[in-house]
Amino acid sequence: MGTAGGGAGAGVLRLPGLHGYAVEFSPYWPGRVACAASQYYGIAGCGTLAVLEQNEAGIVLLRSFDWNDGLFDVTWSENNEHVLITSSGDGSLQIWDTAKTKGPLQVYKEHTQEAYSVDWSQTRGEQLVVSGSWDQTAKLWDPAVGKSLCTFKGHEGVIYSTIWSPHIPGCFASASGDQTLRVWDVKAPGVKLVIPAHQAEILSCDWCKYDENLLVTGAVDCSLKGWDLRNVRQPVFVLLGHTYAIRRVKFSPFHATLLASCSYDFTVRFWDFSKPNPLMETVEHHTEFTCGLDLSLHNRGQVVDCAWDELVKIYTPSCLAVPV
């Protein structure tokens, strides 16, 4: 069943001339969202970091910051409510302060090709950032230090996604065009685990918020697969339904078995992998590749997404509007 996507607290904002690549809810401010976007579908032109807020009237643009190359990912600081990091087509990371009108505060330029992903660590007691690049490396950063702390090599294709474990300090996962999911430990050189997860490029991965051993991958083969790190010979679930490449996947912060995915088939789909019929809902409210997706930590059931149709949407899908 397809829905137009609306429901409780829906809002839409158009970013004219900008194609959305990534969105993330603020961990501090309910209803505040950052969007990384690019001109000309990220192939040429500049990028913009847009900071948005939802209020009674809809979504308003609070701040926007421009960069001279496309922006592909964004992550909020976990220790300063005003700070964000973006990753760019020129291989650099930018640190921004939304309390200031201009920026960036700092630029880290080490990757030699597109920096496609960036993520700020979730575990307490460490403030670390991981980035992933088309140069086939992941890099570890301390935002207070001007150069990378470590470079992780091993992938044999571009890295599309790098995500910290929310449970295990210093542990992150990476998904690559080499068809593998890899798990790394910043305290140990070399890769901890290599999972040949798909027979296609893997564009996204995420960690379950309720099970430290469970990860999900989304790939160009249109499938989502769940992986238990204690036994990776077979996926613990396979979710089919998307008709083009899966661009991003996110586990729910509120439900142990619920996740969301967005795709080049223009849809966002919601799944409960514990059910015999896992597809809960298909939201069809974009007219272009849907690239960015996040689920709110503050407002249960609230979702934000963005697409190449210039639109950012905040909404609660009907399947999450009632307690699951």
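The values are calculated or read from the model by the stated rules, or taken from the named source; none is laboratory data. Quick caveat, the model's predicted, so the values are computed rather than measured. Here Cβ is always computed from backbone atoms with ideal geometry, including for glycine, and neighbour counts include all displayed protein chains. SASA here: full protein model, heavy atoms, side chains in, ligands and nucleic acids out. Shrake-Rupley method; radii C 1.70, N 1.55, O 1.52, S 1.80 Å.
Of the candidates L293, L297, the single residue that is closer than 21 Å to V33 by Cβ, surrounded by fewer than 18 Cβ atoms within 10 Å (Cβ to Cβ), of a type in the set (A, V, I, L, M) and touching a strand residue (DSSP E or B) at 6+ places or on another chain (Cβ under 9 Å) is L297.
Considering each residue of the range 206-224, count those that are open to solvent by 40 Å² or more (accessible area, probe 1.4 Å) and under 15 Å from S176 (Cβ atoms), and give that number.
Let us first name the residues in the range 206-224 that are open to solvent by 40 Å² or more (accessible area, probe 1.4 Å), namely 209-212, 220-221.
With under 15 Å from S176 (Cβ atoms) added as a condition, the list becomes 220-221.
Number of matching residues: 2.
The numbered conditions (1) in contact with a Gly (Cβ under 8 Å, 6 or more places away or on another chain); (2) open to solvent by 40 Å² or more (accessible area, probe 1.4 Å); (3) at pLDDT 95 or above are all true for A8 except (3). Residues in the range 302-319 that are among the aliphatic types (A, V, I, L, M) and under 20 Å from N55 (Cα atoms) were compared, and the one that is most open to solvent (accessible area, probe 1.4 Å) is L311. Restricted to the range 118-146, and to residues that are open to solvent by 20 Å² or more (accessible area, probe 1.4 Å) and touching a Pro at 6+ places or on another chain (Cβ under 9 Å), which residue is farthest from S204 (Cα to Cα)? Once the filter is applied, the top-ranked residue is G125. Of the candidates A36, A50, A115, A57, the single residue that is surrounded by fewer than 18 Cβ atoms within 10 Å (Cβ to Cβ) and among the hydrophobic types (A, V, I, L, M, F, W, C) is A57. Within the range 162-189, residues that are on the phi > 0 side of the Ramachandran plot have Cβ atoms under 6 Å from residues that are open to solvent by less than 20 Å² (accessible area, probe 1.4 Å) in these pairs: Q179/H198, counting only partners at least 6 apart in sequence or on another chain.
Criterion first (within 23 Å of I159 (Cβ to Cβ), touching a residue at least 12 places away in the same chain (Cβ under 8 Å) and under 18 Å from the mean Cα position of the chain (by Cα)) does A50 satisfy it? Talk me through it step by step, then tell me what you get.
Working: within 23 Å of I159 (Cβ to Cβ): no; touching a residue at least 12 places away in the same chain (Cβ under 8 Å): yes; under 18 Å from the mean Cα position of the chain (by Cα): yes.
When the stated conditions are applied, A50 does not pass them.
Open to solvent by 10 Å² or more (accessible area, probe 1.4 Å), at pLDDT 95 or above, aliphatic (A, V, I, L, M) and in a strand (DSSP E or B), is that true of V107?
Values: open to solvent by 10 Å² or more (accessible area, probe 1.4 Å): yes; at pLDDT 95 or above: yes; aliphatic (A, V, I, L, M): yes; in a strand (DSSP E or B): yes.
Against the criterion (open to solvent by 10 Å² or more (accessible area, probe 1.4 Å), at pLDDT 95 or above, aliphatic (A, V, I, L, M) and in a strand (DSSP E or B)), V107 qualifies.
Every listed requirement among (1) part of a loop (DSSP other than H, G, I, E, B); (2) of a type in the set (V, I, T); (3) open to solvent by less than 30 Å² (accessible area, probe 1.4 Å) is met by T282 save one, (1). Filtered by the rule that a residue be open to solvent by less than 50 Å² (accessible area, probe 1.4 Å), closer than 12 Å to E201 by Cα and not polar (S, T, N, Q), the range 156-186 gives G157, V158, I159, Y160, A175, G177, D178, L181.
Contact annotation: residue pairs with Cβ atoms under 6 Å, 6 or more positions apart or on different chains, pairing a residue in the range 258-273 that is at positive phi and touching a residue at least 12 places away in the same chain (Cβ under 8 Å) with a partner that is crowded, with 22+ Cβ neighbours inside 10 Å and not in a strand (DSSP E or B), are F266/H286. Of all the criteria given as (1) charged (D, E, K, R); (2) touching a residue at least 12 places away in the same chain (Cβ under 8 Å); (3) farther than 19 Å from A22 by Cα, the one not satisfied by R233 is (2). Summed over the range 64-94, residues that are crowded, with 19+ Cβ neighbours inside 10 Å and closer than 20 Å to W29 by Cβ total 10. Looking only at the range 142-180, residues that are within 19 Å of D73 (Cβ to Cβ) and assigned to a strand (DSSP E or B) come to 13 in all. Looking only at residues of the range 11-33 that are over 16 Å from V74 (Cα atoms) and in a strand (DSSP E or B), we find that the one that is least open to solvent (accessible area, probe 1.4 Å) is G11.
Evaluation of K192 against the conditions (1) part of a strand (DSSP E or B); (2) open to solvent by 40 Å² or more (accessible area, probe 1.4 Å); (3) modelled with pLDDT of 95 or more shows that the sole unmet condition is (3). All told, A200 meets the bar of being small (G, A, S) and surrounded by fewer than 17 Cβ atoms within 10 Å (Cβ to Cβ). Within the range 195-215, the residues that satisfy the criterion of being in a strand (DSSP E or B) and either on the phi > 0 side of the Ramachandran plot or not hydroxyl-bearing (S, T, Y) (or both) are I195, I202, L203, C205, D206, W207, L214, L215.
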